[in-house]
Amino acid sequence: MSRTIKLIVIHCAASPNGKVLGSASKSAAAVIDQWHAQRGFRRQPAAIAAYNPSLKAIGYHFILDVDGTKSTGRALNEVGAHVAGHNANSIDVCMMDTDQYSTAQWGELSSLVKALLAKYPGVPVLGHRDLSPDLNGDGTVEPSRWTKTCSDFTVANWLAAGMKPQAKNVLPADVPATHLPVAAYPGSPPSAATSLAGAGCFMLRSPHKTPSRIHYCRSS
Ligand SMILES: [Zn+2]
């Protein structure tokens, strides 16, 4: 089944700036799959069977990790779970980090969005927050109207600048690639899930469920 795509939506994960989520044994998408499973997200069985069968829950189509590694979640023809009211006709890209992205991430974002626009010509590219309600009906969603801060950079400015990294949103120091490239556009399934090396917990400010905070833990 093919979908009519009317939007490309950019998200941020609100994870700690500079913290690479994936590892040699587990893609960022596989980690996010666990998060989304805990939040009650579920993919349809037929969709799971058709694409990325190790991922049962993930709501995103694409994940760009801090080191620039791209991994895939849902298939392009599969409805995502990322922005209320717009899932049926949109493709999403989630950038790890909160509001500062590596040069590698900016480069991958540009390549990915260009590829998507080649496939879906003329489709608007927006940040999640740009889909907040325009309460005064003036055609502009002012910052005071944002119901969330995701994508934490102004997508319109990024597009107007020819998809160049936005100066305020660049990580001070690039992080080294610490895990294997697990997928290339349009994506190969991530490696079989195995336990993460090490353990750690961090608090995430969820840009998607403000003002709640979600406590994510990695289990060793
Ligand atoms: Zn978002």
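Conditions tested, residue by residue: (1) basic (K, R); (2) in contact with a helix residue (DSSP H, G or I) (Cβ under 7 Å, 6 or more places away or on another chain); (3) under 24 Å from Y120 (Cα atoms).
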{"site": "Q38", "(1), (2), (3)": "no, no, no"}
{"site": "R43", "(1), (2), (3)": "yes, no, yes"}
{"site": "V66", "(1), (2), (3)": "no, yes, no"}
{"site": "G85", "(1), (2), (3)": "no, no, yes"}
{"site": "C94", "(1), (2), (3)": "no, no, yes"}
{"site": "D97", "(1), (2), (3)": "no, no, no"}
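Take segment 62-113 and flag every residue that is surrounded by fewer than 24 Cβ atoms within 10 Å (Cβ to Cβ) and at positive phi.
G68, G85
Would you please name the residue that is surrounded by the fewest Cβ atoms within 10 Å (Cβ to Cβ), looking only at residues in segment 140-159 that are at pLDDT below 90 and β-branched (V, I, T)?
Among them, the one singled out is T140.
Restricting the search to segment 18-61, which residues are within 26 Å of K168 (Cβ to Cβ), surrounded by fewer than 19 Cβ atoms within 10 Å (Cβ to Cβ) and touching a strand residue (DSSP E or B) at 6+ places or on another chain (Cβ under 9 Å)?
Matches in segment 18-61: K19 only.
Where residues in segment 160-183 are at pLDDT 80 or above and of a type outside the set (A, V, I, L, M), which of them is nearest to S25 (Cα to Cα)?
Taking the candidates together, the pick is P172.
For the structure I just gave you, tell me whether F41 is more than 11 Å from the chain's Cα centre (by Cα), among the aromatic types (F, W, Y) and within 16 Å of the ligand (Cβ to nearest atom).
It is true that F41 is more than 11 Å from the chain's Cα centre (by Cα), among the aromatic types (F, W, Y) and within 16 Å of the ligand (Cβ to nearest atom).
Tally up the residues in segment 94-104 that are within 12 Å of the ligand (Cβ to nearest atom) and either without any contact (Cβ under 8 Å) to a residue 24 or more places away in the chain or touching a Lys or Arg at 6+ places or on another chain (Cβ under 9 Å) (or both), please. Spell out how you get there, then give the answer.
If we filter segment 94-104 for residues that are within 12 Å of the ligand (Cβ to nearest atom), which is where we start, we get 94-95, 98.
From the residues that got through so far, the ones that are either without any contact (Cβ under 8 Å) to a residue 24 or more places away in the chain or touching a Lys or Arg at 6+ places or on another chain (Cβ under 9 Å) (or both) too are 98.
Within segment 94-104, residues that are within 12 Å of the ligand (Cβ to nearest atom) and either without any contact (Cβ under 8 Å) to a residue 24 or more places away in the chain or touching a Lys or Arg at 6+ places or on another chain (Cβ under 9 Å) (or both) number 1.
The values are calculated or read from the model by the stated rules, or taken from the named source; none is laboratory data. Here the structure is a predicted model, which means the values were calculated and not measured. For neighbour counting, all protein chains shown are included, and Cβ atoms are generated from backbone atoms with ideal geometry for every residue, glycine included.
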